[in-house]
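Contents: one structure, followed by commentary.
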Amino acid sequence: LTIDSSGRVLTPARPAFQVSSPTATGNDSVVYWQTDVVASTHFNKSNGKFTAPIAGVYHFFWQLLSNENNAWVVSEIRKNGTAIVHNQQYNHSGEVAGLATHGSALLSLAVSDYVEIYSDASTYANINTGTNSFFGGYLVG
């Protein structure tokens, strides 16, 4: 920490990212995120994984949206391939509203641990590839 001449407290840069617009269609790790909302060299858009550059506690958040009716969608955050938080939403027949599954998690990561979002969906559901589907995270400390 440093304090500048105006009394502002400045902290070192912390790893952070937020991406949206995946090309996933369900039943796999969510990859190929298209849009950097907050860029980070520690998030790999081609494989959908954030790799911790330093050890610490990180906060992650995500949402996956499907516009199908009579469908179910699952999302989970995985640390080093193991599910940590799991969510499922079901859209009953006749409902036409978007179906969103979302969550957040505080995870303790060691250097080189990785985190990814996994999705599973009924045969009727596909993950929306627009900006309503997103994934992000940052180092808390």
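The values are calculated or read from the model by the stated rules, or taken from the named source; none is laboratory data. Note that the structure is predicted; figures quoted are calculated from it, not measured. Every residue, glycine among them, receives a Cβ derived from its backbone with ideal geometry; neighbour counts consider all protein chains shown. Heads up: the accessible areas ignore ligands, DNA and RNA and are worked out on the full protein's heavy atoms, side chains in. Shrake-Rupley method; radii C 1.70, N 1.55, O 1.52, S 1.80 Å.
For the range 108-125, the set of residues classified as open to solvent by less than 10 Å² (accessible area, probe 1.4 Å), at pLDDT 95 or above and more than 16 Å from Ser40 (Cα to Cα) consists of Leu109 only.
One line per residue, one yes/no per condition, for (1) modelled with pLDDT of 75 or more; (2) open to solvent by 20 Å² or more (accessible area, probe 1.4 Å):
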position: Val37; (1), (2): no, yes
position: Lys45; (1), (2): yes, yes
position: Gly48; (1), (2): yes, no
position: Ala55; (1), (2): yes, yes
position: Ala71; (1), (2): no, no
position: Thr101; (1), (2): yes, no
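Residues in the range 100-113 that are in contact (Cβ under 8 Å) with a residue 40 or more places away in the chain, more than 13 Å from His59 (Cα to Cα) and either assigned to a strand (DSSP E or B) or within 9 Å of the chain's Cα centre (by Cα) (or both): His102 only. Checking each residue in the range 3-33 for being polar (S, T, N, Q), at pLDDT 85 or above and more than 30 Å from Asp120 (Cα to Cα) picks out Ser5, Ser6.
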